[in-house]
Amino acid sequence: MRNIKPMVVNYNKIASEYARNRQLHPEVFKDLISTSKVTSNDRVLEVGCGTGNYIVAFDSVVSCSCWGVDPSTEMLSKAKERSNNIHFQLGQAEVLKFKSNYFTLVFSVDVIHHINKHLAYFQEAYRVLKKGGRVCTVTDSKWIIHNRRPLATYFPESIEIELKRYPRIVQLSKIMAQVGFRSITEKMVEFHYKLKAIQAYKDKSFSSLHFIPEEAFQRGINRMKKDLQHGPIPCVSRYLLLWGTK
């Protein structure tokens, strides 16, 4: 595809927009809680925690010991403004600076496509998990990418780009099994809502919008504005949760 920008987003530059616009997916969080069965006695690590939506929620709801790792100093700065209880630290998914057999749950939300070495990450996740601990990768499947509403509807140019960025679920499952994870399962969750304002899209708070041509971006924004004149836009947000047990 022509006129595609290099597929790298500087999250230090968009940390403020991300913190303002990106929110916790309620069905994802519900499944993280119910499937992991984490209690206040457990330790939880979010890899690629960003501005802290999910790990802050874990601390609030479960009151467990929480850690968050992210490679962006500005994203972590925003996260630290939200909580003094959580151990936030700068770091990469492929090199988790924790002792072995330490966590009950290691999870990431919409991060796996930013990780360069999937095998190294899952090896590290396996190492830092206790026996019986669980890893969860919240990501998008090929079908979900094709059926995003409103992203694929208004910015169809993002589909081909996202298919190149996101690893296939079958590939991730094979790597997890290779590392030693067992009881590998998939679950798709969805959340229906009505979009009443498009500032998050105008701010390009969704990374794929940084990669499509500017004319395509403006065309999508103009369509959204026009449709909003007739009322809220029906939307659905889906994610696939890929679970494994040590």
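Pairs, please: C-beta under 7 Å, at least 6 apart or cross-chain, first residue in contact (Cβ under 8 Å) with a residue 12 or more places away in the chain and among the β-branched types (Val, Ile, Thr) and in region 228-240, second buried (at least 19 other Cβ atoms within 10 Å of the Cβ) and in a loop (DSSP other than H, G, I, E, B)?
233/150
Within region 26-66, work out how many residues are out of contact with any Asp or Glu (no Cβ under 6 Å at 6 or more places or on another chain), surrounded by 23 or more Cβ atoms within 10 Å (Cβ to Cβ) and part of a strand (DSSP E or B).
Qualifying residue count, region 26-66: 4.
Using the structure shown, decide if residue 193 is buried (at least 17 other Cβ atoms within 10 Å of the Cβ), within 24 Å of the chain's Cα centre (by Cα) and aromatic (Phe, Trp, Tyr).
Values: buried (at least 17 other Cβ atoms within 10 Å of the Cβ): no; within 24 Å of the chain's Cα centre (by Cα): yes; aromatic (Phe, Trp, Tyr): yes.
For residue 193, the condition - buried (at least 17 other Cβ atoms within 10 Å of the Cβ), within 24 Å of the chain's Cα centre (by Cα) and aromatic (Phe, Trp, Tyr) - is not met.
For residues in region 79-91 being in contact with an Asp or Glu (Cβ under 9 Å, 6 or more places away or on another chain) and either among the β-branched types (Val, Ile, Thr) or not in a loop (DSSP other than H, G, I, E, B) (or both), which is farthest from residue 48 (Cα to Cα)?
Of all residues in region 79-91, those in contact with an Asp or Glu (Cβ under 9 Å, 6 or more places away or on another chain) come to 79, 83, 85-86, 88-91.
From the residues that got through so far, the ones that are either among the β-branched types (Val, Ile, Thr) or not in a loop (DSSP other than H, G, I, E, B) (or both) too are 79, 86, 88-90.
Numbers: 79: 11, 86: 14, 88: 11, 89: 10, 90: 10 Å.
Checked region 79-91; the qualifying residue farthest from residue 48 (Cα to Cα) is 86.
Checking residue 84 against (1) farther than 21 Å from residue 243 by Cβ; (2) at pLDDT 95 or above, only one condition comes out false. Which one?
Result: residue 84 passes all but (2).
Here's a check for you: in region 67-78, which residue that is touching a helix residue (DSSP H, G or I) at 6+ places or on another chain (Cβ under 7 Å) and assigned to a strand (DSSP E or B) is surrounded by the most Cβ atoms within 10 Å (Cβ to Cβ)?
Per the stated criteria, the residue is 68.
Looking at region 124-186, what helices (runs of 4 or more DSSP H) fall wholly within it and have at least 2 residues that are buried (at least 18 other Cβ atoms within 10 Å of the Cβ) and touching a helix residue (DSSP H, G or I) at 6+ places or on another chain (Cβ under 8 Å)?
Numbers: elements: 142-146, 151-154, 157-165, 169-179.
Where helices (runs of 4 or more DSSP H) fall fully within region 124-186 and carry at least 2 residues being buried (at least 18 other Cβ atoms within 10 Å of the Cβ) and touching a helix residue (DSSP H, G or I) at 6+ places or on another chain (Cβ under 8 Å), they are 151-154, 157-165, 169-179.
Only one residue in 193, 201, 239 is of a type in the set (Phe, Trp, Tyr), within 24 Å of residue 50 (Cβ to Cβ) and in a helix (DSSP H, G or I), so which one is that? Quick ask: steps written out before the conclusion?
Details: 193 fails: in a helix (DSSP H, G or I); 239 fails: in a helix (DSSP H, G or I).
When all the criteria are applied, what remains is 201.
For region 104-121, how many residues are part of a strand (DSSP E or B) and crowded, with 23+ Cβ neighbours inside 10 Å? Walk me through how you get there before you give the answer.
Taking region 104-121 as the starting set, the residues that turn out to be part of a strand (DSSP E or B) are 104-109.
With crowded, with 23+ Cβ neighbours inside 10 Å added as a condition, the list becomes 105-109.
Count: 5.
Give me the pairs, please: first residue somewhere in region 62-77 and touching a residue at least 40 places away in the same chain (Cβ under 8 Å) and hydroxyl-bearing (Ser, Thr, Tyr), second residue anywhere and assigned to a loop (DSSP other than H, G, I, E, B) and surrounded by 19 or more Cβ atoms within 10 Å (Cβ to Cβ), beta-carbon distance under 7 Å, and either six or more positions apart or on two chains.
So the pair list comes out as 72/11.
Report, by residue number, each residue of region 38-51 that is over 13 Å from residue 107 (Cβ atoms) and at pLDDT below 95. First the steps, then the outcome.
Quick first cut of region 38-51, residues over 13 Å from residue 107 (Cβ atoms) only: 39-41, 51.
Answer for region 38-51, where residues must be over 13 Å from residue 107 (Cβ atoms) and at pLDDT below 95: just 51.
The values are calculated or read from the model by the stated rules, or taken from the named source; none is laboratory data. Worth saying up front: this structure is predicted, and the values here are computed from it rather than measured. With ideal geometry, Cβ positions are generated from the backbone for all residues, glycine too; neighbour counts draw on all protein chains shown.
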